[in-house]
Amino acid sequence: MGPIHLDIFCRVIDNYGDAGVCLHLARSLSTVKPQGGTSEQPFDVRLFCDDLRVLHTIATAADYDNPNLTFCSWEAPLDHYEPSDVIITAFSCRFDEPTLKTLQQATTKPLIINLEYLSAESWVEDCHMLPSPVDGLTSHFFFPGFTARTGGLNLDPDFIAQCQEQLNQPSSEGMTLSLFGYHNPAVKRLLTALAASGRHCELKVFSGLAQDNLNQLYQQQLQIGESFQPSPEITCTIVPMTDHSGYDQVLLNSDFNLVRGEDSIVRAMHTGHPFLWQIYPQEEQAHIVKLTAFLDCMERTLEEQGSVADLKSRMDLLRATMLSYNEALPEGTEDPLTRPDFLPLFLERCGPLFSTWARYLCAQPTLSARLTSFIFSKLSAT
């Protein structure tokens, strides 16, 4: 049996985030030999994206050399579309009218999968892999997640191997940080807290929204390559947005990662380094519900592992810090970012949480592995 043809449709909303999730998945499906199926080759993948500029910014040289991966413009409705065996629509994006009509009239219907956003909320397990009628077609929900009853996390084997190797190495004595985020007033509180430790911190701030936020908070006009010291202990340098391979190395080589959205958090948490997650803001604080669900899931999992002493108090500190970083700390709760001993306290108390959580995650089947099993089970049944 030859390769299975698979299309991924992506509309870019969160700039690098949506494209990043889709590119990582496309890369994995087009390079890794499927396990448990009848095909002896990776999937032949076409990635349709409505903003190829963003996609080209984060793609690597290996992506362009990959014979099983093709980037296709979806910046206008497709004049002619030949459906593949499998179609993945990312984050409930809708087909353009000509493509939808083609699919509705197709004699042989492709397997359509709706890749949803990452969530640790309990209802996700009940909806995972369920069929749903949409626009006269049947689509199946596929939810990335942290438990065995979800779709796993969007990681490739090479990056997991790098993370596992690093987890077995002693921690660095330095303090380098990376910042990839949206507008966030909490960044200023965090930098003040870091300065209070008396430890010199080198902060790489990625160009774009994180750069704009830093400039606004400190009334600067920093451009790529320029540095600024908000205090003698802190040096912030604006660095250009890099491709996926470069960003992976930044995450692996930083002692502390400040990340945003879905794609970067999945990778940051596998490194075992401390991280703070600025979750994508949503109306009516829906994103805080998701953040709380993630922290609850993390605490339950670590409790089951039974390898972290005094787990609750450690998680209480992590929870308060994450909520503060997302401007959602309940009124009357002490803000860890205002403590002069924040950095040593956070590293000592929360460090074991990050490393143990990373070891657990690195041992789990990936999104592409679970997705492959689902695809073969559906195709073999038809």
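The values are calculated or read from the model by the stated rules, or taken from the named source; none is laboratory data. Predicted model only: the values in this text are computed from it and were never measured. Neighbour counts run over all protein chains shown; Cβ positions are idealised from the backbone, glycine included.
The single condition among (1) within 30 Å of residue 250 (Cα to Cα); (2) hydroxyl-bearing (Ser, Thr, Tyr); (3) assigned to a helix (DSSP H, G or I) that residue 99 does not meet is (1).
Which is surrounded by fewer than 16 Cβ atoms within 10 Å (Cβ to Cβ) and either modelled with pLDDT of 95 or more or assigned to a loop (DSSP other than H, G, I, E, B) (or both), of 56, 80? Walk me through how you get there before you give the answer.
Values: 56 fails: either modelled with pLDDT of 95 or more or assigned to a loop (DSSP other than H, G, I, E, B) (or both).
One residue alone meets the criteria, 80.
For the range 118-125, check the following and say yes or no: at least one residue is closer than 23 Å to residue 270 by Cα and in contact with a Pro (Cβ under 6 Å, 6 or more places away or on another chain). The answer is yes; a qualifying residue exists. Collect the residues in the range 102-124 that are loosely packed, with under 14 Cβ neighbours inside 10 Å and in a helix (DSSP H, G or I), keeping them in residue-number order. Passing the criteria: 104, 105, 123. Inspect the range 77-93 for any residue being among the acidic types (Asp, Glu), in contact with a His (Cβ under 8 Å, 6 or more places away or on another chain) and over 25 Å from residue 259 (Cα atoms) and give the result as yes or no. Yes, the range 77-93 contains a residue that is among the acidic types (Asp, Glu), in contact with a His (Cβ under 8 Å, 6 or more places away or on another chain) and over 25 Å from residue 259 (Cα atoms). Taking residue 181 as the residue in question, decide whether it is small (Gly, Ala, Ser) and either free of Cβ contacts under 8 Å to residues at least 40 places away in the same chain or within 16 Å of residue 237 (Cα to Cα) (or both). Yes: the conditions hold for residue 181.
Taking the criterion of being outside any helix (DSSP H, G or I) and hydroxyl-bearing (Ser, Thr, Tyr), the residues of the range 323-382 that qualify are 333, 366, 382.
Please count how many residues of the range 128-149 are surrounded by 15 or more Cβ atoms within 10 Å (Cβ to Cβ) and without any contact (Cβ under 8 Å) to a residue 40 or more places away in the chain.
Looking only at the range 128-149, we keep the residues that are surrounded by 15 or more Cβ atoms within 10 Å (Cβ to Cβ), and these are 128-129, 134, 137, 139-147.
With without any contact (Cβ under 8 Å) to a residue 40 or more places away in the chain added as a condition, the list becomes 128, 134, 137, 141, 143, 145.
The total comes to 6.
Residue 147 meets each of the listed conditions (1) in a loop (DSSP other than H, G, I, E, B); (2) within 21 Å of residue 354 (Cβ to Cβ); (3) in contact with a Gly (Cβ under 9 Å, 6 or more places away or on another chain); (4) of a type outside the set (A, V, I, L, M, F, W, C) apart from (3).
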